[in-house]
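Computed from the coordinates by the stated procedures, all read-outs in this text should not be read as laboratory data. Since the model is a prediction, treat every value here as computed from it, not as a measurement. A quick note on method: Cβ atoms are made from the backbone with ideal geometry, for glycine too, and the neighbour counts reach across all protein chains shown.
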Amino acid sequence: MYLTKENITILNEVITNINNLDTEEEKTTFLNNSVEDVSLLLGTLKSLNKSKLPKAHKKHVQPAEAAKKVFDETIISDIFSEKDDRVIIAEYSMADLKAMYQSIYKKKPLSNSKKQDIINTLRCRFYTRDRAKAFASLAEDRERR
């Protein structure tokens, strides 16, 4: 058996028309007028296992590769010291903020993290760092006296 392009086109038209009809009555009427054996056609279509189709005929869509930006801790620190949260949210994408987080913590943020969550985490990191520097300078001052 060999299906011609014409046969495949006709089958495609039948399937498209079935998909476009809304009510069961319209579908039944259309099939009765267009197909010799409705039960054979429906049984054949139901028995099709899409996962068993050869992969060579499936269209593969390659995801667009986003340009990975690399952020240094000093650059991130400068951004967070100079800019307000609203400005950071407006200027930087979620991917940029995730890259900043990843460069600081060496791991990805939680998948449910929002921009504000990542900003808060990074800002907290810099506050903690600055606080530690302040305590270290206090200890140095005490040792000098």
Counting all Cα-Cα pairs in the chain, those more than 25 Å apart amount in percent to 61
Ranking Ile89, Tyr101, Tyr127 by how far each Cα lies towards the positive end of the charge dipole of the chain (+1 on Lys and Arg Cβ, -1 on Asp and Glu Cβ), the top one is Tyr127
Rg/Rh of segment 84-145 (Cα atoms, Kirkwood Rh), to two decimals, equals 1.18
About its Cα centre, the chain carries a charge dipole, from +1 on Lys and Arg Cβ atoms and -1 on Asp and Glu Cβ atoms, whose size in debye to the nearest 20 is 1120
With Cα springs under 10 Å, the Gaussian network model of the chain assigns the largest mean-square fluctuation among Ile119, Ile18, Ile79 to Ile18
